[in-house]
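The values are calculated or read from the model by the stated rules, or taken from the named source; none is laboratory data. Remember, predicted model here, so these are calculated numbers, not experimental data. Here the Cβ positions follow ideal geometry from the backbone for every residue, glycine too, while neighbour counts run over all protein chains shown. Ligands, DNA and RNA are stripped out before the accessible areas are found, and what is left, the full protein with its side chains, is counted by its heavy atoms. Shrake-Rupley method; radii C 1.70, N 1.55, O 1.52, S 1.80 Å.
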Amino acid sequence: IIMKVAKGLPNLQAYVAVHSGEYAVYYPWDHTMVEPTGIPARMGELMSSLSKQCGCNTGPGGKTATYLAFGTAMDYFFEELKVPYSLTFEVYGRSGDGLQAQSSWPVSGKADALVSGKERCLLEFNPENG
């Protein structure tokens, strides 16, 4: 539905994907560590401002994150729909300190134990309240 609506909008200037699991703001590309040509001249200024506001990592997704992601909406909107400000906001990182998602987390009360698999996924995407 989003793609259909977006294709019908003339001169679309921004697209924002919202994800959870990290604490960052990314721009293209997600699928490679190479920055694309055609990034708006003020993108660096925007990233700098966002980084100061949120204290999070900012930059090209594939170059800044700890992984590459293929077939993302952000890359599609930038390349195919020519939307200059195509961004992904990663709104939650368990540590809350602006670092990328960790591959494992210490288990409370078990200093040397690490969480992985389904338990890690539950912890990553379901922040504790309070």
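Before moving on, here are some points about what is shown:
- Selection within region 1-27 - among the charged types (D, E, K, R) and surrounded by 15 or more Cβ atoms within 10 Å (Cβ to Cβ): 22
- Residue list for region 18-34, filter: assigned to a loop (DSSP other than H, G, I, E, B) and either of a type in the set (Val, Ile, Thr) or within 17 Å of residue 81 (Cβ to Cβ) (or both): 28, 29, 30, 31, 32, 34
- Hits in region 39-86 (condition: aliphatic (A, V, I, L, M) and under 16 Å from residue 21 (Cα atoms)): 65, 68, 69
- Test: residue in region 88-99 that is modelled with pLDDT of 80 or more and in contact with an Asp or Glu (Cβ under 8 Å, 6 or more places away or on another chain): yes
- Where residue 30 falls short, out of the listed (1) open to solvent by 90 Å² or more (accessible area, probe 1.4 Å); (2) touching a helix residue (DSSP H, G or I) at 6+ places or on another chain (Cβ under 6 Å): (1)
- Filtered residues of region 35-60 (kept if under 11 Å from the mean Cα position of the chain (by Cα) and closer than 16 Å to residue 83 by Cα): 60
- Evaluation of residue 103 against (1) modelled with pLDDT of 95 or more; (2) open to solvent by 90 Å² or more (accessible area, probe 1.4 Å); (3) not aromatic (Phe, Trp, Tyr) (one fails), failing number: (1)
- For region 73-88, filtered to residues that are out of contact with any strand residue (DSSP E or B) (no Cβ under 7 Å at 6 or more places or on another chain) and not in a helix (DSSP H, G or I), the residue that is surrounded by the most Cβ atoms within 10 Å (Cβ to Cβ) is 84.
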